[in-house]
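Here the structure comes first, spelled out in structure tokens, and everything after it is commentary.
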Amino acid sequence: MPKTIEELLAEKQAVERQIAQYQHRADRLENRERHLDKGERTKRTHRLVTRGAAIESVCELTKVLAEAEFYSLAEQIFSLPEIKKLVMAAVNDHNKNERMDS
């Protein structure tokens, strides 16, 4: 037996409500994703600023360097074998401590 116009209209309204609910859910998920992305960017910015400040506090002479000069110096420093070993040791210690804490 074919559906009546009233039944079809009721079915259409139910489907439209469901579409609106799914759209609202998708919007909420997109907003949540943007919020989490912003949080990660904020954390990264904070980390970069505090580490830059740490470098300046350890070696105040770096304050006078232009950005390109500072990057060049950093590249030279971090390409030294002794520095590479120190960085690797620090990362290994960090990873070991992190495993112990877990």
Response to the item:
Measuring from the longest principal axis of the C-alpha atoms of the chain, the long axis of helix 81-101 (C-alpha) lies at a number of degrees, nearest 10, equal to 50 degrees
Worksheet entry | Highest-MSF residue in the chain out of Q23, Q76, Q13 [GNM, Cα springs under 10 Å] | Q13
Item to complete: Find, to one decimal place in angstroms, the Kirkwood hydrodynamic radius of the range 1-60, where the mean of 1/r is taken over every pair of different Cα atoms and then inverted.
Response: 16.0 Å
Worksheet, complete the sentence: Checked against the positive end of the charge dipole of the chain (+1 on Cβ of Lys and Arg, -1 on Cβ of Asp and Glu, about the Cα centre), the farthest of A89, F70, I55 is A89
Fill in: Nearest 10 degrees, 0 to 90: helix 67-79 Cα axis against the chain principal axis
70 degrees
Discussion item. I'd like the orientation of helix 5-58 relative to the chain: the angle between its Cα long axis and the longest Cα principal axis, in ° from 0 to 90, rounded to 10.
Written reply: 10 degrees
Fill in: the range 63-90 versus the range 22-37: alpha-carbon centroid distance in Å
40 Å
Discussion item. Test of understanding: ordering F78, F70 by Cβ neighbours within 10 Å, fewest first, what list do you get?
Written reply: F78, F70
Discussion item. I'd like the FRET efficiency for L73 and R47, computed as 1/(1 + (r/R0)^6) with the beta carbon distance as r and R0 of 22 Å, rounded to 0.05.
Written reply: 0.65
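Taking the Cα centre of the chain as the origin, how large is its charge dipole in debye, to the nearest 20, when only Lys and Arg (+1) and Asp and Glu (-1) carry charge on their Cβ atoms? If you can, show how the numbers build up before the last one.
On the way: 18 positive and 18 negative charges, 42 e Å.
With Lys and Arg at +1 and Asp and Glu at -1, about 200 debye.
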Practice prompt. Report the dimensions of the chain along its three principal axes from the alpha-carbon atoms, largest first, rounded to Å.
Written response: 85, 39, 21
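Read the figures in this text as sums done on the coordinates, not as results from a lab. Note that the structure is predicted; figures quoted are calculated from it, not measured. Don't worry about glycine lacking a Cβ; one is built from the backbone with ideal geometry, like all the others, and counts go over all protein chains shown.
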